[in-house]
Amino acid sequence: MPNTRTNAPRGALVFDMRTLGRQAGSAKAQQLTVPAPDDMRLELARVPVGADMQLDVRFEAVTEGVLVTGSVIAPLAGECARCLAPLASSVTARFTELYLYTRDRHDKHDRFDENTEQDDEELHLDGDLLDLEPVLRDAVVLALPMSPLCREDCPGLCVECGVPLADAGPDHGHEDAPDPRWAGLKQFGDQATRRAGAVDLQEG
């Protein structure tokens with residue numbers, strides 16, 4: 001069965017649409033600061049839970065429901081994908097979503113068989129309440145960088161010792177390590193060199 005209720009608490013991202021009304025064309029806009037919900041994260045980038053986000057949102061009544069458009073600016077924390085240094089920045093996400101008015105049981109039954117797959121993806125008002133959190137979360141997560149960088153030209157880490165190359169400087173380097181497979185031959189060669197030296201001393 002399609003889920004027609006958001007079952008969300010009356011939090012900062014739940015908006016009461018009674019002031020908007022259901023007259024198609026009526027609209028209202030809001031600019032506010034809201035706390036970031038959880039699960040806004042990827043492997044190397046995240047929006048800290050509870051961090052202040054700047055939300056600019058517009059609600060417009062249409063025939064089927066409420067059309068929501070807006071944008072959000074959220075603080076970004078994470079690790080550089082090259083050198084693993086902590087980083088702090090911001091991310092901007094935009095969203096557009098239609099929340100349908102809750103249909104009565106008779107209407108839902110008549111349309112269930114033909115639109116089951118579509119209904120499963122639809123969002124509905126919970127009475128007069130509109131829960132923006134799932135839409136906002138999806139928009140922000142999609143905007144998060146997969147491979148965040150502390151700077152565009154970050155050189156990363158030394159493959160030999162793991163030190164950040166940006167801190168090590170241009171002269172950082174390592175002598176070529178000997179191949180362990182040649183270690184025995186090197187030892188044999190050192191012994192031969194010492195014996196040759198001893199023979200030269202005796203002949204001298």
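The values are calculated or read from the model by the stated rules, or taken from the named source; none is laboratory data. All of these numbers come straight from a predicted model, not from anything done at the bench. Quick reminder, even Gly has a Cβ in these numbers, built from the backbone with ideal geometry, and neighbours come from all protein chains shown. Only protein heavy atoms, including side chains, enter the accessible area calculation; ligands, DNA and RNA are left aside. Shrake-Rupley method; radii C 1.70, N 1.55, O 1.52, S 1.80 Å.
Would you calculate the separation in nanometres between label points at residue 88 and residue 23, each defined as 7 Å from the Cα along the Cα-to-beta-carbon direction?
4.8
Hey, can you find the accessible area per residue of the range 37-108 for me, probe 1.4 Å, expressed in square angstrom?
Result: 53 Å² per residue.
Leaving ligands, DNA and RNA out of it, work out the accessible area of residue 151 with a 1.4 Å probe and give it in Å² to the nearest 10.
Number for this one is 110 Å².
May I ask for the net charge around residue 28, where only other residues with Cβ less than 10 Å from the Cβ of residue 28 are counted and Lys, Arg are +1 while Asp, Glu are -1?
0
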